[in-house]
Every structure is written in C-alpha cells, then in structure tokens.
1. Which net charge results when you count Lys and Arg as +1 and Asp and Glu as -1 among the other residues whose beta-carbon is under 12 Å from that of Leu70?
2. Each residue of region 73-86 in order: what ³J(HN,Hα) in whole Hz does its phi give by Karplus 6.51 cos²θ - 1.76 cosθ + 1.60, θ = phi - 60°, with x for Gly and Pro?
3. So for Tyr229, Tyr95, what's the accessible-area order with a 1.4 Å probe, most first?
4. Take every Cα-Cα distance within region 53-149, group them into 5 Å bins from 0 onward, and report for each bin the whole-number percent of pairs it holds.
5. Out of Val81, Leu26, Gly67, whose Cα points farthest toward the positive end of the dipole of region 1-123 (charges: +1 Lys, Arg; -1 Asp, Glu; placed on Cβ)?
6. Can you give the accessible area of Leu90, probe radius 1.4 Å, in Å² rounded to 10?
7. So what's the net charge close to Lys285: Lys and Arg +1, Asp and Glu -1, counting the other residues with Cβ under 12 Å from its Cβ?
8. Check which residues have an amide H placed less than 5 Å from Leu108's amide H, if you skip close sequence neighbours.
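The values are calculated or read from the model by the stated rules, or taken from the named source; none is laboratory data. Predicted model only: the values in this text are computed from it and were never measured. Glycine also receives a Cβ, built like all others from the backbone with ideal geometry; neighbour counts cover every protein chain displayed. Accessible surface areas use protein heavy atoms only, side chains included; no ligands, DNA or RNA. Shrake-Rupley method; radii C 1.70, N 1.55, O 1.52, S 1.80 Å.
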Amino acid sequence: MDSPHEEVFDRAVRLATQLTGRPVGLLSLVDGERQFFKAQVGLTGDVAKDRETPLSHSFCQHVVIDGAPLIVKDARDDPRVRDNLAIDDLGVVAYLGVPVHGPDGEPLGSFCVIDGHPHEWSAADLQTLEDLTAMIETDLKLRDTVAQRDLLISEMNHRLKNIFTLIGGMIRQSARDASDPREMAEQITGRVQALNAAHSLVLPDGGTRGHEGGEVALDELAKTVLAPYPGAQKIVRGGKVMLGPKAAVAFALSLHELATNAAKYGAFSDILGKVELDWNVAEDKLGLTWREELPQTLQTTTSDEGFGSRLLQLNVEAQLRGTLVRDMTPNGVHVTLAVPIEALID
C-alpha cells in the first residue's frame, strides 16, 4: 500500500487493456478501509492522482473477500454491486477481475479491467487476466525469496560473529583452568562440537517457505548432544518444546557440560549408570531435571569452581534468564533448571 509506481506492474496493466480492448485496467491492493492502485491505466481526475478510493467505490473488494474472479456484465443490473458508488462517481459499468495472491497464498487485491458500457466478457478475456496475474504473482514470490535470502544472510552473519565471540571466550577460560594442553584441547573440542550440533539443527532453510527455520525441538537437541556418550542408560522424555537459535545454543552447551561431567565422574563413567533427563511446562516456565544414578557410592565429587560449572551457570542465568539448583546425592548428581517460556523463543 502507498508504494510508488513500478514498471513491471504498469506493463502488466497496459497489456491487459490492450489484449481485452477495454479502456481501464487496475492492479489494486485492498485492506479493511480502502483500495490502493499499485498500477493503473485509463483513470482520470482526482482518483488517478490519489491512486485510491474508499471501499464504497470498490468492486475489487469482492474479489479479495471471495478469493475468486468477479465477472460483471452490467453493474447497474447486478445485485452484488448495483449499489456501489463507483457506478455513478467513476463510471464503472462492466468489470472483470481476478484475485492476486501473495507468496503465502493470501489474496492481496485484484487485477482487473473495466468498461464504462455493458460488456459480455469472454473466456479468452478471463484467461488473459489469469495469465498476467500469474506473472505478477511470480514476481511477488521472487521478491519475497530475495528478501528472505537477504534476511538469512544477515542472520547468519550475526550468528557467526556470536559464535566466534563465544569460542574465543571458551578458549581463554579453558586455557586458565586446564592443567595441560591435551585437557584444554579436549574441553574446547567438546564445546565446539556441542555448538556445531545446535547450529546444525537450527540452520535456516535457505528461504524456502513452509519450514520454521531457526527453531528446534528440545528432545531432538537433547538426543543429538547426548548421542556421543556411550555406556549408561539414557532416558529423555518431555513434551514438545521449541527453542529459538539463542536458546538452542544455551541448552546445547548446558547439556554438554552436564554430560561431560557425567563422563568424568558420574553416570556416563559406568556402564551400569543411568541418566534421566525430563522436562515439563507449568504456567510460564519450563522445568528441566537432570538425574544421574550410579550403582555405587560416588568416590569423587566435582568442584563448583571450574569453568564448566561457571559456563553452565552462565548459560542458565544470563542466556536463559533462569535458575539452576544442583544437589549431590551419594549415588549421583541432580540438576534442576527453571527457565521462563519467553526466553525459549530467542
């Protein structure tokens, strides 16, 4: 609405009037209050200058409402439009219009031709408008695809900058905490692999429609991150919860830290161990619980001072705006997260 003339649409309207032999052609866009002429041929006076009319003067609104062609031989005798003010004020008598759909399939307006005298429209006239409308809709789809591509490129550039910043921080912290280069390399590799798993799942689809690029189900993410850890029994359960890109990265790194700790000291270090991960949504929060169980009493406990623990705390509290509670039991560790629902869509 209210956009300037564009030659691609002006050309289509000119062709419509030439091929049907009618004096007026319009590409109109219709909303709840008015119709706007994106392209027009044959209008005169103020309506040509203003490029719009209220719906009281619109035949095109019927095309949009019905989502089907409107064929009017003589508007003065047609019960659908005989009270329309365009008949007397604009001289609209004969009208042929077909719906113009946007990339999502929603009717946006009408592509039409008009005559000031009664006219018997032929099947060829209707086919001409439908063919030209198909060309217009193809152009709209191409524009939408280009806009989606540009948005995805911008989004991916933003994500890459965030990834490099995050990896840089992990390298610096790992270098401070690691006791030897091999341990540091293992820590960094594991965290980068968790990042890669998360981003692979939320990777946008290149602009094709019908796919919610940038979202991933929590159960799919959890199973992907935990897959490399053999041995212990793994139970993952919970309802369908979708995560946005930022939340997916935070959950991937958090689960990776829990799994790494379990592999060193807990359930993943013993073939008879068990890890249960479950979650539920209550009111405005997601509650997630990580439970480890070993057949024997733990001999080693982990310190809360390591970077892994700090990273876990940071992900939950800063990135997800949630809370974390860790409880040590004689046979394992229990970790409970509470995350606001609105933080999951980021």
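1. On the way: positive: Lys73, Arg80; negative: Asp66, Asp78.
So the surrounding residues net to 0.
2. Here the 3J(HN,Hα) series is 6, 9, 4, 5, 10, 9, x, 6, 9, 5, 9, 6, 5, 5 Hz.
3. Details: Tyr229 40, Tyr95 0 Å².
Greatest to least solvent exposure: Tyr229, Tyr95.
4. 3, 14, 22, 22, 16, 11, 7, 3, 2, 0
5. Working it through, the farthest residue towards the positive pole turns out to be Leu26.
6. Here the accessible area works out near 70 Å².
7. Values: positive: Arg321; negative: Glu283, Asp284, Glu342.
Net of charged neighbours comes to -2.
8. Val100, His101, Gly102
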